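The values are calculated or read from the model by the stated rules, or taken from the named source; none is laboratory data. Values in this document were obtained by computation on a predicted structure and should not be read as measured data. In this analysis, Cβ positions are derived from the backbone assuming ideal geometry, glycine residues included, and neighbour counts consider all displayed protein chains.
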Amino acid sequence: MLFVLILLISTGINRLIQIPNKLVNHQANIKAERVKENESNSKYPDIQLKTFSQETDAYTYSISKPETRSEKINSTIAKWIKGQKEAFLKTVSLSKRIKEVAHLNIQLETNRITEDYYSLVFRTYVIHGAANEREMVKVFNFDVKKAPFLTINDILHLDEKHLDEIKEMIWEELQENKELLPYLNKRQTNEVLQELEEWQWSIDRKGLTLYWDEYELAEGYAGTVEISVPIKKIYVFLQDHMDSYLQMSKEQQVEKKKIIQEEHRKKLTNGKYVALTFDDGPSPQGTPKILKTLEKFDAKATFFMLGSQVDYYPDLARKVVEEGHEIANHTNSHPNLSKMSDAIIKKELDYTNEKIKEVTGISPSLIRPPYGIYNDNVIKYAKENNQSTILWSVDSLDWKNRNGSAIQKIVQNEITPGAIVLLHDIHSTTADALPKLLKTLKQAGYQFITVSQLLDWKGKNGISLYYGSTK
Ligand code: ZN
């Protein structure tokens with residue numbers, strides 16, 4: 001009896017299991033989802049691939065799904081795939097009247113950028129009948145070991161100005177595509193690029209690739225859009241750590257540095273830049289007032305300091321550095337170096353280099369010999385210390401005239417873009433004359449930068465003397 005009962009129950013259970021299955025199969029004609037696994041021998045050591053496919057009377061789908069060792073990466077990608085699938089099934093159920101079978105196909109392009117950095121490009125094809133087809137693209141960038149996803153802000157430093165520049169580059173690259181060109185619209189492109197989080201992108205050592213869905217960028221153009229901006233063009237925007245992240249070669253890093261410097265120089269070429277220099281301080285008679293004036297006119301200057309003055313007024317020396325000015329070596333006691341022994345020259349310059357470093361933390365990269373008088377030993381010392389020897393092209397004669405309008409007249413007459421102007425921050429007359437002088441020069445279009453910035457701009461190193469531009 002018990003046996004019969006067990007038999008009945010088990011048969012019943014069997015029936016219960018079988019019947020609903022049959023019903024479901026009959027109703028929707030589902031053939032079970034097929035999963036094709038490629039467990040072993042993956043070409044990509046950290047990623048396995050599974051392909052899910054299904055076929056019914058109403059639709060087919062086939063989806064490539066990667067699996068990494070990171071749960072975080074897997075779940076984010078799985079969530080996105082699920083969303084794609086649900087959106088597709090929804091449109092299928094809404095368009096029952098259409099007789100053709102609908103198709104969803106999610107393809108995967110795996111780009112292993114470096115050992116751990118992957119860029120996975122998914123292409124989704126949705127087909128509802130012959131006339132209704134759509135292609136979309138989605139990119140996931142991640143570090144498979146550290147497991148974070150990378151955003152565009154992790155790789156590029158894009159402030160508002162940079163963003164405008166890179167948009168212009170992208171627009172130029174897009175126009176290179178002659179088939180796409182008739183459908184392009186700059187306003188729409190700019191709008192689409194506005195939201196950085198929406199960018200679909202990949203980056204490698206060769207360039208930045210950007211992707212757009214079909215019709216996203218150009219209404220009449222069939223298919224997704226893809227362009228690459230060469231890496232050379234975006235060196236200036238790359239975050240510093242990208243050198244190592246992309247595993248750039250030494251050669252490429254050198255090239256990158258050179259291009260960035262060149263870009264920097266080009267930008268400055270359009271300006272009327274001059275370098276104001278203040279010697280013999282820091283001094284309570286002139287330096288504080290001069291600093292205030294410089295700040296007011298958004299000007300940066302270079303202070304050639306005496307070691308002895310730095311020793312007496314360390315707070316003033318620190319303030320000069322804190323406010324973004326350059327601090328440089330003008331010897332310790334202001335001797336005529338051409339009359340001094342090799343040992344004294346070394347002592348004067350060494351002491352001041354060390355004093356400035358001790359007080360401000362900065363190792364000066366410039367030397368100015370007192371009175372502008374030097375000999376071969378001075379040049380030799382500077383070269384050995386990797387310092388530039390800086391003279392001037394405009395002497396304000398403030399040390400002689402002690403008169404504001406005289407200073408004004410001389411500088412105004414002699415100044416030219418690229419000039420280095422000699423002034424002194426030990427004279428209160430100079431400090432008093434500065435506001436009017438800067439106002440006049442600013443109105444004439446001049447901007448005030450440090451001597452090192454001026455050297456960069458001019459592509460000079462000042463290793464064997466630099467005077468600045470003269471008229
Ligand atoms: Zn001096």
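If only one of Asn386, Asn413, Asn353 is assigned to a loop (DSSP other than H, G, I, E, B), assigned by TED's automatic domain parsing to the domain that holds Glu322, farther than 18 Å from Thr287 by Cα and not hydroxyl-bearing (Ser, Thr, Tyr), which one is it? Outline the logic, then answer.
Values: Asn413 fails: assigned to a loop (DSSP other than H, G, I, E, B); Asn353 fails: assigned to a loop (DSSP other than H, G, I, E, B).
Answer to the selection: Asn386.
Name, by its number, the condition in (1) buried (at least 17 other Cβ atoms within 10 Å of the Cβ); (2) more than 16 Å from the ligand (Cβ to nearest atom); (3) among the basic types (Lys, Arg) that does not hold for Arg368.
(2)
Of the numbered conditions (1) at pLDDT below 95; (2) surrounded by 13 or more Cβ atoms within 10 Å (Cβ to Cβ); (3) within 27 Å of Ala218 (Cα to Cα), Val121 satisfies every one except a single condition; which is it?
(1)
Of everything in region 294-347, what is touching a helix residue (DSSP H, G or I) at 6+ places or on another chain (Cβ under 7 Å), in a helix (DSSP H, G or I) and under 16 Å from Ala382 (Cα atoms)? Give them in sequence order.
Leu337, Asp342, Ile345, Lys346
Can you spot a residue in region 157-171 that is among the basic types (Lys, Arg), surrounded by 15 or more Cβ atoms within 10 Å (Cβ to Cβ) and in a helix (DSSP H, G or I)?
Initial filter on region 157-171 (among the basic types (Lys, Arg)): 161, 167.
Checking which are surrounded by 15 or more Cβ atoms within 10 Å (Cβ to Cβ) leaves us with 167.
With in a helix (DSSP H, G or I) added as a condition, the list becomes 167.
Within region 157-171, one or more residues are among the basic types (Lys, Arg), surrounded by 15 or more Cβ atoms within 10 Å (Cβ to Cβ) and in a helix (DSSP H, G or I).
Within region 135-155, does at least one residue satisfy the condition of being within 30 Å of Ser95 (Cβ to Cβ), over 24 Å from the mean Cα position of the chain (by Cα), modelled with pLDDT under 90 and not assigned by TED's automatic domain parsing to the domain that holds Thr209?
At the first step, the residues of region 135-155 found to be within 30 Å of Ser95 (Cβ to Cβ) are 135-140.
With over 24 Å from the mean Cα position of the chain (by Cα) added as a condition, the list becomes 135-137.
Applying the additional criterion that residues be modelled with pLDDT under 90 yields none.
Scanning region 135-155, I find no residue that is within 30 Å of Ser95 (Cβ to Cβ), over 24 Å from the mean Cα position of the chain (by Cα), modelled with pLDDT under 90 and not assigned by TED's automatic domain parsing to the domain that holds Thr209, so the answer is no.
Collect the residues in region 423-441 that are within 16 Å of the ligand (Cβ to nearest atom) and out of contact with any Gly (no Cβ under 8 Å at 6 or more places or on another chain), keeping them in residue-number order.
Result: Leu423, single match.
Within region 81-120, how many residues are more than 33 Å from the chain's Cα centre (by Cα) and in contact (Cβ under 8 Å) with a residue 60 or more places away in the chain?
So the answer is 0.
Return the total of residues in region 305-352 being more than 12 Å from the ligand (Cβ to nearest atom), among the aliphatic types (A, V, I, L, M) and touching a residue at least 24 places away in the same chain (Cβ under 8 Å).
Counting residues in region 305-352 that are more than 12 Å from the ligand (Cβ to nearest atom), among the aliphatic types (A, V, I, L, M) and touching a residue at least 24 places away in the same chain (Cβ under 8 Å) gives 8.
From the list Asp425, Asp456, which one is closer than 21 Å to Glu323 by Cα and out of contact with any strand residue (DSSP E or B) (no Cβ under 8 Å at 6 or more places or on another chain)?
On the way: Asp425 fails: out of contact with any strand residue (DSSP E or B) (no Cβ under 8 Å at 6 or more places or on another chain).
Only one candidate passes the filter, namely Asp456.
Exactly one condition in (1) over 30 Å from Ser469 (Cα atoms); (2) assigned to a strand (DSSP E or B); (3) among the aromatic types (Phe, Trp, Tyr) is false for Tyr273; which is it?
Here Tyr273 clears every test but (1).
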